[in-house]
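Colleague: Below are the structure tokens for one structure; questions will follow.
Derivation of every value follows stated rules applied to the coordinates shown; laboratory data play no part. Everything quoted here is computed from the prediction, not taken from an experiment. As a convention, Cβ positions derive from the backbone with ideal geometry for all residues, glycine included, and neighbour counts pool all protein chains shown.
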Amino acid sequence: MDATIISYPDTSVVQLLSLTENRSKYMLPFAGKFRVVDFVIGNAKEVDAHTIIYSNVNDDLANYVQLHGIDESRLKVVVDNFNSVDFFYSIVRDSDSAYFIIYNGDNPGIINFSHLIERFITIKKPSVLYKMHFEEKARMAHRILVTTKKALLDTIRKALKHDHSAPNIFEMIINMMINTGLAKGEFSCIYWPFSTIVEYYNHNFDVINNADYSKHVFDGHINAKLELYRYSMLGPDARISHSFLSDSTYINGEVVNSIIFPGVEIGKDAVVRDSIILPYNKIGSKARIMRTIIDERTVEPFSADIINIGNNCKIGTTEIGMKNSDYPRVLYNSITLIGKNCMIPDGITVGGACYIASGRTQQDFAKRKYIYNGTSV
């Protein structure tokens with residue numbers, strides 16, 4: 001396709017606590033085996049488009065993208081010049097693409113860009129702003145700009161001439177085009193925007209439990225680059241029902257209606273129910289995990305002898321309706337979040353709608369064995 005796709009980060013208020021602490025939404029694990037950026041890359045590769053991924057967080061995104069093996073001339077990550085109109089102008093000016101697609105790409109989705117360009121060409125307009133139509137509703141909060149190179153350059157030149165600036169230059173460019181009478185339309189796609197812990201929790205299960213979504217994601221063009229180093233293995237006491245197990249997991253307990261990411265190990269007689277266990281966590285024997293998200297473990301992820309969720313721990317609840325007292329608009333529906341790289345000692349009880357911040361160690365639990373419902377550590 002003679003086009004460049006530009007993905008920029010969500011401009012809405014994102015409150016994901018540890019999930020986006022020192023990590024962009026692009027790098028969030030999603031749907032059992034992927035990171036969000038895998039969807040950006042997969043959608044672009046499907047139509048052989050050039051891709052530029054803008055991020056406002058300096059994390060491991062560029063290194064992860066390199067694992068996809070795409071030449072830097074076709075796939076670029078921009079962090080340091082996120083708000084530079086001059087830099088954006090130079091990218092567009094030097095491009096050989098006739099068309100540009102600009103959209104918020106740090107929410108996962110399945111978008112047929114080839115069909116979008118075909119529709120755009122038939123309209124014969126210099127630029128069109130498409131509302132994303134998903135879940136039976138078109139949403140102006142989530143939109144895709146399709147424009148010719150000339151129209152985009154003209155708008156950027158105006159921004160430079162008048163010294164315009166904004167926290168997000170892509171939203172600024174789109175709004176400038178709207179003010180000049182930009183054509184509008186709707187475009188159907190599959191899209192999972194999330195800005196709270198509960199939305200993230202629900203959308204992960206949407207993909208796993210919806211047969212149509214699963215077909216697009218797992219039998220389609222989305223490829224994961226989370227490190228997988230062996231097949232999943234089930235121990236003699238494993239019991240699995242209505243769950244998704246990624247590669248490179250070892251299960252010797254009971255897993256019910258849960259999503260288990262790569263590298264996770266679950267000990268003997270442990271129970272994981274209605275939960276999402278992000279990569280490389282190791283859960284001890286006889287632990288009980290209910291309605292909980294356990295954030296990714298990045299410290300010593302392959303050390304088999306170090307359990308970070310201790311034996312006999314009880315985390316979460318089966319009760320419904322609880323809110324976290326510190327983050328009631330973010331963490332509710334009795335969902336508990338255990339932050340990245342936490343070490344929960346043996347025998348600790350953590351209630352429903354609790355938040356354990358990243359990097360908590362055994363010392364943080366030395367004087368308390370019970371974390372009450374709706375509280376934070």
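Colleague: About the Cα centre of the chain, how large is the charge dipole given +1 on each Lys and Arg Cβ and -1 on each Asp and Glu Cβ? Please answer in debye to the nearest 20.
Modeller: That gives the chain a dipole magnitude of about 700 debye.
Colleague: Suppose the chain between V256 and K150 were pulled fully straight at 0.36 nm per residue; how much longer would it get relative to their current alpha carbon spacing?
Modeller: Extra length available between V256 and K150 comes to 32.8 nm.
Colleague: What ranking of S55, S275, S214 emerges when the number of other C-beta atoms within 10 Å of each C-beta is taken as an exposure proxy, fewest first?
Modeller: Lowest count first: S214, S55, S275.
Colleague: Quick one: longest stretch of the chain between exposed loop trypsin sites (Lys or Arg not before Pro), exposed meaning at most 13 other C-beta atoms within 10 Å and loop per DSSP?
Modeller: It works out to 1-123.
Colleague: Separate question: Between N202 and D326, what is the label-to-label distance in nm when each label sits 7 Å out along the Cα-to-Cβ direction?
Modeller: 2.4
Colleague: Of all DSSP beta bridges located in region 3-218, what percent are antiparallel, nearest 5?
Modeller: Around 45 percent antiparallel, to the nearest 5.
Colleague: Would you please state which residues of region 172-202 a label at R368 would reach in this model, taking the label point 7 Å out along Cα→Cβ and a backbone N cut-off of under 19 Å?
Modeller: none
Colleague: Just rank T361, T51, T20, fewest to most, by other beta-carbon atoms within 10 angstrom.
Modeller: So the ranking, lowest neighbour count to highest, is T361, T20, T51.
Colleague: Could you work out how much longer the chain between D60 and D80 gets when fully extended? Use 0.36 nm per residue separation minus the Cα distance between them, nm to one decimal.
Modeller: 5.8 nm
Colleague: When Lys and Arg each count +1 and Asp and Glu each count -1, what net charge do the other residues less than 10 Å away from V146, Cβ to Cβ, add up to?
Modeller: Neighbourhood net charge equals +2.
Colleague: While we're looking at this one, here's another question. Taking the number of other C-beta atoms within 10 Å as the exposure measure, put L337, L129 in order starting with the fewest.
Modeller: L129, L337
Colleague: Over region 3-218, what is the relative contact order in whole percent, taking alpha-carbon pairs under 8 Å and six or more residues apart?
Modeller: Here the relative contact order equals 26 percent.
Colleague: Can you give the net charge of the other residues whose Cβ lies under 9 Å from the Cβ of N281, counting K and R as +1 and D and E as -1?
Modeller: -1
Colleague: So if I restrict to the alpha-carbon atoms in the chain, what is the Rg, and what is Dmax, the biggest pairwise distance, in Å?
Modeller: 22.1, 69
Colleague: Distance cut-off 30 Å, Cα to Cα: go down the list K125/K215; K33/K137; K137/K314; K25/K323; K25/K131; K215/K268 and report the pairs above it.
Modeller: Those over the limit are K125/K215; K137/K314; K215/K268.
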